[in-house]
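Here the structure is laid out as structure tokens; the discussion comes afterwards.
The values are calculated or read from the model by the stated rules, or taken from the named source; none is laboratory data. Everything numeric in this text was worked out from a predicted model, so none of it was measured. Counting neighbours? That spans all protein chains shown, and the Cβs are built from the backbone with ideal geometry, glycine included. Note: accessible area is taken over every heavy atom of the protein model, side chains too, but ligands, DNA and RNA are not part of it. Shrake-Rupley method; radii C 1.70, N 1.55, O 1.52, S 1.80 Å.
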Amino acid sequence: MFLDKDTFSVVVDSTPLVSIDFIIEDGLGRVLLGQRKNPPAKGFWFVPGGRIQKNESMSNAFCRLARQELGVDSSLADSRFLGPYEHFYSDSVFRNHISTHYVALAYRVDTKIPYKLPEDQHSAFRWFEIDQLLESASVHPHTKAYFISKD
């Protein structure tokens, strides 16, 4: 269920959001990141993904987000669950004084990415070597967490 702006701002201000993040490697040890257009994390390189909507199963959300964010048909069966992560931001898509809290479900996806990716949420896409993304100040710390051991 898509929420109108006023309702969604109350939700963001009041509860955690649940999202799916895609970790996509190209077989050469590089990871696909998009440069975010919107807060939170605006301007940072981040893994593609998005939130699960009310009354949407995780499986349906996965398929919808793969189509919207990556331009591919993919399902949970095409992925490997890496675990849950928490993302805390001091801002939100609405106002700087509303913080955002995500519970992000990270999935490694093995799929062929089209040459031209959708740019609804990202102004550009780029492949990063893992060492390169871990050292880059322009890659968001929440993205870096996917490549640092949880131990």
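Residue pairs whose Cβ atoms lie under 6 Å apart, separated by 6 or more positions or on different chains, with the first residue in the stretch 65-86 and more than 18 Å from Leu117 (Cα to Cα) and touching a residue at least 60 places away in the same chain (Cβ under 8 Å) and the second among the charged types (D, E, K, R) and outside any loop (DSSP other than H, G, I, E, B), are Leu82/Arg108. On the stretch given as the stretch 28-57, residues that are within 15 Å of Asp120 (Cα to Cα), of a type in the set (S, T, N, Q) and open to solvent by 70 Å² or more (accessible area, probe 1.4 Å) total 0.
The set of residues in the stretch 81-91 that are at pLDDT 95 or above and surrounded by fewer than 14 Cβ atoms within 10 Å (Cβ to Cβ) comprises Phe81, Gly83, Pro84, Glu86, Phe88.
Against the numbered list (1) within 30 Å of Asp4 (Cα to Cα); (2) among the acidic types (Asp, Glu); (3) surrounded by fewer than 16 Cβ atoms within 10 Å (Cβ to Cβ), Glu69 comes up short only at (3). Are any residues in the stretch 132-143 out of contact with any Ser or Thr (no Cβ under 8 Å at 6 or more places or on another chain) and surrounded by 15 or more Cβ atoms within 10 Å (Cβ to Cβ), and if so, which ones? Passing the criteria: Ser136, Val139, His140, His142, Thr143. Just one of the numbered conditions (1) touching a strand residue (DSSP E or B) at 6+ places or on another chain (Cβ under 8 Å); (2) modelled with pLDDT of 95 or more; (3) open to solvent by 60 Å² or more (accessible area, probe 1.4 Å) is not true of Asn60: (1). Of the residues making up the stretch 92-131, those that are basic (Lys, Arg) and either open to solvent by less than 70 Å² (accessible area, probe 1.4 Å) or more than 23 Å from Ser79 (Cβ to Cβ) (or both) number 2.
Kindly indicate the residue of the stretch 1-13 that is open to solvent by less than 80 Å² (accessible area, probe 1.4 Å) and in a helix (DSSP H, G or I) and also farthest from Ser57 (Cα to Cα) among those meeting that condition. Within the stretch 1-13, the match that is farthest from Ser57 (Cα to Cα) is Ser9.
Which one of Arg30, Arg51, Arg64, Arg80 is in contact with a Leu (Cβ under 6 Å, 6 or more places away or on another chain) and of a type in the set (Lys, Arg)?
Selected residue: Arg51, the only one of Arg30, Arg51, Arg64, Arg80 that is in contact with a Leu (Cβ under 6 Å, 6 or more places away or on another chain) and of a type in the set (Lys, Arg).
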